[in-house]
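Novice: Provided herewith is a single structure, encoded as structure tokens, for subsequent inquiry.
The values are calculated or read from the model by the stated rules, or taken from the named source; none is laboratory data. What you see is a predicted model, and the numbers here were worked out from it, not measured in a lab. Here the Cβ is made from the backbone with ideal geometry for all residues, glycine too, and neighbour counts use every protein chain on show.
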Amino acid sequence: MSIAAGVFSETSLVDIQVKIDEIWADAIQKQDYVANVDVVKAIIANQTAVISDLKGYKDRTVDIGWINACEIDDQACQVCTIDGDELSTNIAEKTLTTCREAPFKVEEGVFRSNMFDHEEVIAKGFLAAAQRLDEYWAAAAVAFLNAAAGSNAVTTGKGTVAAGGDTYVIPGFWDAGLMAYMNRVAIGNRFVNPYLVSGNNLYEQVWNAKYERGQAGDESKVLKFGSLPIYFDLFNIDAVNGEDIVTYMLHRGAAAFVTKNYYNKRVEGMDEHRWSMPSKNLPGVRYDVHYKNNCDAQGDTDAFTHQFKLVTYGDYFINPTGCTDTRTGVLRFICGEES
């Protein structure tokens with residue numbers, strides 16, 4: 001079904017959504033819109049913060065809560081008395097400071113002699129726009145991890161802790177044997193359920209260990225690498241860090257990725273429509289969609305243009321309620337020597 005001239009209806013929206021799903025189900029076409037966002041997926045999979053809805057129609061504030069049990073301590077036994085520090089949820093009001101949009105438009109006149117229909121073109125426009133926003137958040141995740149990184153409390157062993165807090169490990173140590181040091185670092189920094197996020201660093205070693213298992217001496221490599229969850233993002237981490245080859249260690253729950261949208265239900269104005277659509281690449285993320293049409297005179301003919309933009313509001317946050325001020329829950333390990 002084609003969009004009627006200058007009209008965007010509920011039926012039009014349904015037809016476009018069907019076309020989006022058809023394209024995403026097609027393995028060949030889908031590849032054009034798959035975003036490289038594994039660093040964000042790693043954070044989403046391990047975040048524990050509880051996040052509220054947007055507080056108001058015009059506000060970008062949300063409540064983020066982490067449970068804090070830092071004040072619990074032991075003491076001498078007291079008969080017939082049960083008392084202690086009250087656990088707090090440490091709910092903090094945060095403002096989402098980042099707003100990004102990805103606009104596109106479709107002119108009706110172009111399709112009068114075109115083999116493609118409006119729905120397919122608009123559907124692909126939505127997928128491409130969402131992909132751009134997905135990948136923006138992936139690059140932003142790496143910048144956030146760099147800013148949030150704390151100082152490694154373990155100053156002995158295979159790593160050299162620099163004055164700025166980064167830990168340098170020479171290239172020859174980046175193999176399965178390094179996992180013993182990484183586990184000791186996690187314990188020494190009191191990380192609970194830690195995980196690693198890396199770019200190309202360690203990728204080939206882990207890949208080879210997986211496919212060489214069963215050979216003499218290689219089974220232990222799989223077990224060592226399996227001692228900590230490792231997520232690889234081969235596109236964003238190295239691209240953002242430039243010459244530094246970086247691997248991150250995160251305490252589970254240390255980081256939170258928060259995005260919100262205003263229009264869960266379709267809102268219609270005089271010539272504008274607003275609704276939201278889910279990201280196909282980032283679980284739980286939705287983008288607001290803004291639509292309006294323009295009518296311009298071309299000679300004695302009405303020329304309609306359908307204008308769309310996808311909008312995202314969000315931010316990354318670090319758990320502010322850690323039990324030690326200097327422990328942010330994020331560490332940076334750099335392959336190389338401190339210059």
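Novice: If we scan region 218-225, do we find a residue that is among the acidic types (D, E), over 23 Å from I51 (Cβ atoms), part of a strand (DSSP E or B) and at pLDDT below 95?
Specialist: No, because not a single residue in region 218-225 is among the acidic types (D, E), over 23 Å from I51 (Cβ atoms), part of a strand (DSSP E or B) and at pLDDT below 95.
Novice: Next question, about the same structure. Within region 125-152, can you find the residues that are closer than 19 Å to T247 by Cα and over 13 Å from the mean Cα position of the chain (by Cα)?
Specialist: Scanning region 125-152 gives N146, A147, A148, A149, G150, S151, N152.
Novice: Sticking with this one: Just one of A148, A141, A162 is small (G, A, S) and farther than 16 Å from A254 by Cβ; which is it?
Specialist: Step by step, each of A148, A141, A162 is checked, and only A162 is small (G, A, S) and farther than 16 Å from A254 by Cβ.
For every residue, the table says whether it meets (1) free of Cβ contacts under 8 Å to residues at least 60 places away in the same chain; (2) of a type in the set (A, V, I, L, M); (3) under 25 Å from D134 (Cβ atoms); (4) exposed (fewer than 15 other Cβ atoms within 10 Å of the Cβ).
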{"position": "G177", "(1), (2), (3), (4)": "yes, no, no, yes"}
{"position": "R184", "(1), (2), (3), (4)": "yes, no, no, no"}
{"position": "I230", "(1), (2), (3), (4)": "yes, yes, yes, no"}
{"position": "A239", "(1), (2), (3), (4)": "no, yes, yes, yes"}
{"position": "I245", "(1), (2), (3), (4)": "no, yes, yes, no"}
{"position": "M249", "(1), (2), (3), (4)": "no, yes, yes, no"}
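Novice: Can we say I91 is touching a Gly at 6+ places or on another chain (Cβ under 6 Å), modelled with pLDDT under 95 and of a type in the set (A, V, I, L, M)?
Specialist: yes
Novice: Turning to a different aspect of this structure: Could you figure out which of (1) in contact with a Pro (Cβ under 7 Å, 6 or more places away or on another chain); (2) at pLDDT 85 or above isn't true of A143?
Specialist: (1)
Novice: Right, next: State yes or no: is Y168 in contact with a Lys or Arg (Cβ under 7 Å, 6 or more places away or on another chain) and surrounded by fewer than 20 Cβ atoms within 10 Å (Cβ to Cβ)?
Specialist: No.
Novice: Next question. Given the conditions (1) of a type in the set (V, I, T); (2) out of contact with any Leu (no Cβ under 8 Å at 6 or more places or on another chain); (3) at pLDDT 95 or above, and given that I230 satisfies all but one, which numbered condition is not satisfied?
Specialist: (2)
Novice: Just checking, how many residues over region 159-190 are outside any helix (DSSP H, G or I) and touching a helix residue (DSSP H, G or I) at 6+ places or on another chain (Cβ under 8 Å)?
Specialist: Here the count works out to 7.
Novice: So which residues in region 229-258 are out of contact with any strand residue (DSSP E or B) (no Cβ under 7 Å at 6 or more places or on another chain) and within 20 Å of S339 (Cβ to Cβ)?
Specialist: Within region 229-258, D238, V240, N241, G242, E243 qualify.
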